[in-house]
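Nothing in this text is a laboratory measurement; each read-out follows from the coordinates by a stated rule. In this text the structure is predicted, and so the values were computed from the model without any measurement. Heads up, the Cβs are rebuilt from the backbone with ideal geometry, glycines too, and the neighbour counts pull from every protein chain shown.
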Amino acid sequence: MMVEEYVSKIAQRIRKRRMDLGLSIRETARLTDTSPSTIQKIESNEMVPSIAVLMKIARGLNQKVTSFFDDESESQKVVLIRHDERKTTTIPASNLKVEDLGSSLADARLEASILTIEKGGNSGKVPLIHEGEEIKFCMKGRIAYTVDDEEYVLEVGDCVHFKSENPHYWKSRTTGTTRVFSVVFNDPDSRPGWAKKMGSKKR
């Protein structure tokens, strides 16, 4: 996917989600802990958002990051994904490719994926902060995770486990390709207040 297509698809999906929820740009900025100008630029195809910004927007709008790229799959009780059937999302701003390992499970609290990060890839200047926990296992290459201002460099076979509420960043530490097996636990009780109400109505 070309960068122009990537930016356009994100803009359309975020704008549609915002309008479906009846939110103004200012309200969306407040919910997603961003600025109105950031939302405006993204929706106008004037900004390529980093993974950190996308995660903030996804969380504030009660969406998965992958929903900004792919159509939502029907929820299933058991999800089997063959090695050649993984949905892949590319995030150019972070030199990142995300291979989904089963986000269509009904009421899933875990998000598992394989991250492929090319030279210079990083999560951006904005720290990632959200509820839950994460485990990162380095399969190839070398990557640094900075959690609460302390850096942890992972090489092949190393892993790190941390609370996602601590400000964290990641950055490639190799000139080649890095691959990371990632598991994120999302706490349903940490969703925005309006999202919790919607969820309780569905049940």
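Laid out as a table, the results:
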{"read-out": "Dipole magnitude of the chain about its Cα centre (Cβ charges: Lys, Arg +1; Asp, Glu -1), debye to nearest 20", "value": "540"}
{"read-out": "Equivalent ellipsoid semi-axes - Cα gyration tensor, region 88-189, angstrom", "value": "20, 16, 13"}
{"read-out": "The chain, relative contact order [Cα under 8 Å, separation at least 6], %", "value": "18"}
{"read-out": "Taking the C-alpha atoms of region 13-99, convex hull volume expressed per residue in Å³", "value": "103"}
{"read-out": "Pairs of lysines in region 88-189 (C-alpha under 15 Å apart; 8 or more residues apart or interchain)", "value": "9"}
{"read-out": "Whole-angstrom gap from region 85-149 to region 157-189, using each part's C-alpha centre", "value": "6"}
{"read-out": "Dipole of the chain, positive end: most advanced residue of Met139, Val78, Tyr152 [Cβ charges, Cα centre]", "value": "Val78"}
{"read-out": "Under the Debye formula (equal points on every Cα, no solvent term), log10 I(q)/I(0) of the chain at q = 0.14, 0.16 Å⁻¹", "value": "-0.86, -1.15"}
{"read-out": "Glu27-Leu80 FRET efficiency (beta carbon distance; Förster radius 45 Å; 0.05 resolution)", "value": "0.70"}
